[in-house]
Every structure is written in C-alpha cells, then in structure tokens.
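Worksheet for the structure shown next.
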Amino acid sequence: MEHNDLEILRHSASHIMAMAVKKLFPDAKLAIGPAIEEGFYYDFELPRPLTEEDLPKIEAEMTEIIKKDIPFERLELSKEKASQLLENAGEKYKTELLREIPDAQVSFYKNGDFTDMCRGPHISSTGKIKAFKLLKIAGAYWRGDEKNAMLQRIYGTAFNTKKELDEYVTRMEEALKRDHRRLGKELDLFNIYHEQAGAGLVYYHPKGAALRGVIEDTLKKEHRKRGYQQVVIPHIAKIDLWNTSGHTGYYKENMYFMNIDEQEYVLKPMNCPGHILIFNRKINSYRELPVRFFELGTVYRYERSGVLHGLMRVRGFTQDDAHIFCTQEQLQDEIAKTIDFAFDMIKKFGFEDFKVFLATRPESYVGTEENWKSATKALEDAMKAKGIEYDVDPGAGVFYGPKIDVKLKDAIGRFWQGPTIQVDFNNPERFDLSYIGEDGAHHRPVMIHRVVLGSMERFIGVLTEHYAGAFPFWLAPVQAVVLPIADRHNDHAQKIAELLREKDIRVETDERREKIGLKIREAQMQKVPYMLVVGDKEVELGSVAVRSREKGDLGVRSLEDFLKEAGA
C-alpha cells in the first residue's frame with residue numbers, strides 16, 4: 001500500500017473511532033482526529049476520564065461499525081449551514097475551527113447517523129478497515145496551548161493486513177522494553193524531578209554522568225584531532241545580542257527572558273551568537289581561516305509541557321556545538337569534512353544505517369533569497385560530490401539557513417534526529433563579520449553551524465534505546481563489578497577494584513552479605529558487562545572468576561587475561 005493510501009486508511013479509522021466514542025459517550029465533544037506517522041489519534045472532551053479498560057470497549061464498538069460496512073458520504077455545506085449544524089450539536093471545538101476556514105463551502109463526511117466536519121479524503125466504506133488497534137490514552141491541550149482546555153487523546157493504528165499490524169505491535173512491545181525513561185530509572189542513570197525542580201530539566205545520577213562523560217571525552221578528543229578549538233561562553237546575554245542575531249524576531253516564543261539591573265537578558269537558546277563574538281574579538285586574516293570553534297554548550301528553550309518526553313524533548317540540553325568560519329572558496333571542502341566527521345562519529349557509537357535530508361527555507365526566515373539559494377547550493381554540491389543520496393525536507397531549515405539533517409536508524413528500525421550541518425550567510429552580515437583577504441581588503445566569511453551527535457540528552461536517550469541499556473564495554477557506566485563470596489574475600493575484591501581503576505576501568509564492588517547468585521542476578525539486571533567473582537580459590541591464585549553479561553561463565557582468569565578479554 002502506498003503511503004498516501006495508508007494515511008487515508010488511518011484517517012478513516014480515526015473517524016470510525018470517533019463514531020464509536022460518540023456511541024458510548026453521547027455527550028462527547030469532538031476536536032481533531034488526524035492520521036500521523038504510525039497511526040492516528042482523536043481528541044475528545046468527555047464526561048469522565050478514560051482508563052485503559054475503556055479501550056477494549058471502544059475497539060469492540062469500532063469492530064461492529066466495520067462489520068456493518070457503512071459508506072463514507074461526502075457532503076458540501078455552506079459555512080452558515082455548517083455553523084448551524086455544529087452549534088446545534090454542541091460541537092464547540094469544531095465550531096471554532098470552522099470560523100478559521102476561509103472557504104465559502106465546507107466538507108463533512110457522514111457515516112450513518114454520524115457526521116463530522118473534515119477535509120477528507122476517506123475510504124469508500126468502514127468495511128475497508130482490515131486491521132486496527134487502539135494503543136493508549138493521553139492528555140492533550142486544545143490546540144497545544146496549556147491555557148486551553150485539557151482534552152483526552154486516544155491513539156490507535158491501522159494497517160492493510162493483520163500481519164502488518166502484528167509486526168507493528170511486536171515492534172512496539174520491543175520499543176516499550178527499550179524505553180529510555182524506564183531504563184533510566186531501572187539503571188539509575190537520570191531523573192527529571194518535575195515536582196521539585198521543574199519539567200524538562202535533566203538530573204544525571206553518577207552512572208548517567210559516567211556514560212555522558214565517556215561520550216563527551218570522546219567528542220573532545222575527536223574535535224582536537226580535526227583542528228577545532230574549544231571555547232566556553234556564558235549562559236545568559238543581554239537582549240541586544242539576540243536582536244542582532246534575529247532570535248528575538250524569529251524565535252521569541254522559545255526563549256526565556258529575565259530582568260537584571262533594569263536591563264533585559266536572555267537565557268541562551270543557542271550558542272552561535274557567543275561564538276560569533278569570540279571570532280569577532282580581533283582582526284582575522286585569510287591565513288587563519290578556517291576557524292573552527294567547538295563547545296559542549298548548554299542551551300535552554302521553552303517547550304510546551306505537552307511535548308516534553310524524557311530525554312528526547314527537554315527544556316535544558318547540551319549540544320556538541322561547533323561553528324566554522326571560512327572563505328567562500330573553503331566552504332564546500334569544510335562541509336565535506338564535516339559530513340565525514342559526522343558519519344565517523346555516529347558509526348563509532350554503533351549506528352550503521354541512517355538517512356540524509358536537505359532541509360530548505362522555512363516560511364519565516366532572515367536574509368535574502370540569494371543568500372538562501374547560495375547556502376542551499378553549497379550543501380547540495382557537497383553531498384553530490386561525495387555521492388550521498390538524500391531527500392529534500394521542504395521548509396524544515398532553521399530561520400537563518402538551510403541544513404543537512406541525518407536521521408539515525410536504531411536497532412529496531414526507528415529513525416532519530418542526529419547530526420545537522422547548516423550553512424549561514426546571514427549572521428556574518430548581521431554581525432558585520434570580516435577577514436582580511438590576500439588583497440588586503442575586508443571580506444565576509446561564511447559560517448557553518450553543526451553538531452555531529454546533537455543534543456547530549458537526546459543522543460543518550462537514543463543510545464539507551466538502541467542498546468536496550470546493555471551498552472558496549474567501552475560505553476558502559478559500570479564496566480565491571482567485583483563480587484566477593486564472603487566477608488573474608490572483601491580485601492582481595494578491593495585490591496582487584498583498585499588495580500582496575502588504575503587501568504581506567506569503571507568498577508564497583510558488591511560487599512553485601514547476600515548469596516553470590518543474587519549478586520550475579522542483580523548485576524546482570526543492571527546490564528554490567530563483566531562480573532568478577534572472588535572466593536577462596538581466587539584469593540589463593542590472585543585471580544578472578546569472570547562472568548560475561550553476554551557469554552556467561554568464562555572461568556578463572558588472571559587480571560591481565562581478563563583485561564585482554566574485555567579489550568581494555
């Protein structure tokens with residue numbers, strides 16, 4: 001089935017779900033019910049909160065509607081008649097939507113005694129739905145605005161065959177097992193202390209901080225190898241800086257403002273203006289270009305509470321952010337090097353499959369069309385020169401420039417946002433950046449914005465789900481745990497741990513007076529790569545009994561042999 005056909009099928013399924021809900025709850029008010037990437041949803045105002053126990057009842061009612069094979073009939077009404085129909089039915093949310101439709105005629109779809117305002121299209125009749133399932137209930141503010149009423153959203157999905165639906169359900173069950181929010185708690189990696197500290201703000205526990213530390217150390221090392229200079233900028237700046245960059249004009253709804261000494265300041269939503277100030281601190285020569293600044297820069301962006309999602313969508317996050325200032329002649333080579341860097345890094349962390357997109361100019365933007373065309377062409381030329389296949393994502397660029405987006409494919413086939421590479425002719429003009437060329441005259445540099453992993457928060461969330469929390473040895477927050485069988489073995493266990501720390505191995509000891517089988521099981525559940533058991537024999541030989549998370553019992557080994565086994 002083509003994507004458009006599947007979208008129509010799912011949109012039709014959302015209408016069938018609305019029919020079923022109205023049958024079970026006659027006082028329900030309808031809001032919106034679109035098809036989405038992997039299914040559909042419908043938002044309702046209902047007389048009582050729904051529970052998971054309601055879903056089978058709604059599914060049963062939907063099944064009856066499908067069995068009856070009721071036709072979808074399209075109706076065209078004038079706005080006046082449509083308004084009367086909706087107001088008489090008490091459909092206040094649909095009435096609000098109707099007021100914003102500019103057309104003189106409005107389309108409705110009728111199934112028996114159920115009628116819904118909708119642009120369509122739909123399948124010919126309800127019986128065309130062959131496989132569907134309702135998935136979950138969630139809250140959703142009307143029109144995504146927390147000042148509006150909280151509605152109840154029912155998610156579902158539909159496929160052309162039961163086989164496809166079963167495969168999807170299996171995939172979702174696997175995704176649930178891998179959910180980074182659940183694993184974050186079980187493995188004691190992080191938490192978001194919503195009630196005490198606020199939504200969308202991540203607190204890394206020691207194990208999560210250890211994982212993040214490995215990633216950040218790797219990033220710093222790889223950037224140094226490629227000629228980047230690390231910089232650090234403050235977390236706030238006067239509003240003047242953001243007026244110059246264009247953020248207050250094009251990004252204001254995502255920014256946090258504060259008043260200090262009767263002046264307006266902004267909690268930085270992006271790092272680029274700070275890096276520009278550092279570049280502009282002196283007169284730059286063409287001989288110094290390209291200049292590559294790198295920072296693990298923390299930024300803060302206002303996200304509505306309804307879209308916050310674990311580590312994947314937060315209000316405070318750190319980016320492996322870099323800005324390259326180069327000549328026009330250097331631009332394509334710098335883009336090519338950045339693409340290579342990004343691909344090298346995502347492969348290093350275990351992602352072999354990915355998709356590449358060219359995100360073009362959005363409706364709201366700064367700069368001239370000529371600059372946008374030049375920037376877009378530079379990205380296209382670099383990808384074509386490297387033979388990279390890509391799709392165009394119309395209007396998905398940021399307000400100051402087009403970008404290359406790389407989406408990572410995880411272990412169960414889902415795609416996640418990864419590296420981005422943006423070309424910017426606009427900020428160099430807005431900040432009046434220049435360098436002295438070979439001719440002794442002032443010239444305007446070009447600016448590249450890029451991340452090779454992206455947000456640390458999102459990347460750690462994706463990484464956790466990709467590996468289902470069972471990180472490879474080099475990434476694991478705890479690489480080995482030493483398990484003494486009895487108290488008399490504790491000294492040897494501590495000695496082993498100290499020797500491993502000297503080798504830069506992240507190690508813990510478990511000296512609890514518990515049975516060794518329990519200690520092993522708990523270490524296994526914590527997904528520790530290696531368990532090193534210490535008993536009388538190991539104390540006598542100065543060795544450890546090695547157990548692998550993946551391979552089970554590996555037998556008694558010297559510490560040197562264990563380190564070789566682990567690849568440390």
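Dividing the radius of gyration of the alpha carbons in the range 3-176 by their Kirkwood radius gives 0.95 for Rg/Rh.
Can you compute log10 of I(q)/I(0) for the range 480-566 with the Debye formula, treating each Cα as one identical point scatterer, at q = 0.16, 0.18, 0.22 Å⁻¹? For the range 480-566 at q = 0.16, 0.18, 0.22 Å⁻¹, log10 I(q)/I(0) is -0.52, -0.67, -1.06. Shape class of the range 178-263 from the alpha-carbon gyration tensor: oblate, with a/c at 1.5 or above and b/c at least as large as a/b. Taken one residue at a time, the phi angles of the range 208-222 give Karplus couplings (6.51, -1.76, 1.60, θ = phi - 60°) of x, 5, 5, 4, 4, x, 4, 4, 5, 4, 4, 4, 4, 4, 5 Hz. Gly and Pro are set to x.
Over the residues of the chain, the helix contribution to mean residue ellipticity at 222 nm works out to -11000 deg cm²/dmol, using -39500 (n - 2.57) for each DSSP H run of at least 4.
Classify the chain: rounded, prolate or oblate, from the alpha-carbon gyration tensor (a ≥ b ≥ c, eigenvalue square roots; a/c under 1.5 rounded; otherwise prolate if a/b is larger than b/c)? Oblate, because a/c is 1.5 or more while a/b does not exceed b/c. Computed from the Cβ-Cβ distance with R0 of 56 Å, the FRET efficiency linking LYS564 to ASP439 stands at 0.40. Scalar couplings 3J(HN,Hα) for the range 516-521, obtained by applying the Karplus form with A = 6.51, B = -1.76, C = 1.60 to θ = phi - 60°, are 4, x, 5, 4, 5, 4 Hz; x denotes Gly and Pro.
Shape analysis of the range 212-353 places it in the oblate category; the axes a ≥ b ≥ c from the Cα gyration tensor give an a/c of at least 1.5, with a/b not above b/c. Placing pseudo-labels 7 Å out from each Cα toward the beta carbon at LYS92 and THR368 gives an inter-label distance of 5.2 nm. Using θ = phi - 60° in the Karplus curve 6.51 cos²θ - 1.76 cosθ + 1.60, the 3J(HN,Hα) couplings for the range 157-163 round to 9, 8, 9, 6, 9, 5, 4 Hz; x is entered for Gly and Pro. For the range 127-165, applying the loop criterion from DSSP together with a ceiling of 14 other beta carbons within 10 Å to the trypsin sites (Lys or Arg not before Pro) yields LYS130, LYS147. Between PHE415 and VAL392, full extension at 0.36 nm per residue minus the direct alpha carbon distance yields a gain of 6.7 nm.
Only the coordinates and a few stated rules stand behind these numbers; no lab work does. Predicted model, so just to flag it, every value in this text is computed and none were measured. When we count neighbours, we look across all protein chains shown, and the Cβ atoms used for this are built from the backbone with ideal geometry, even at glycine.
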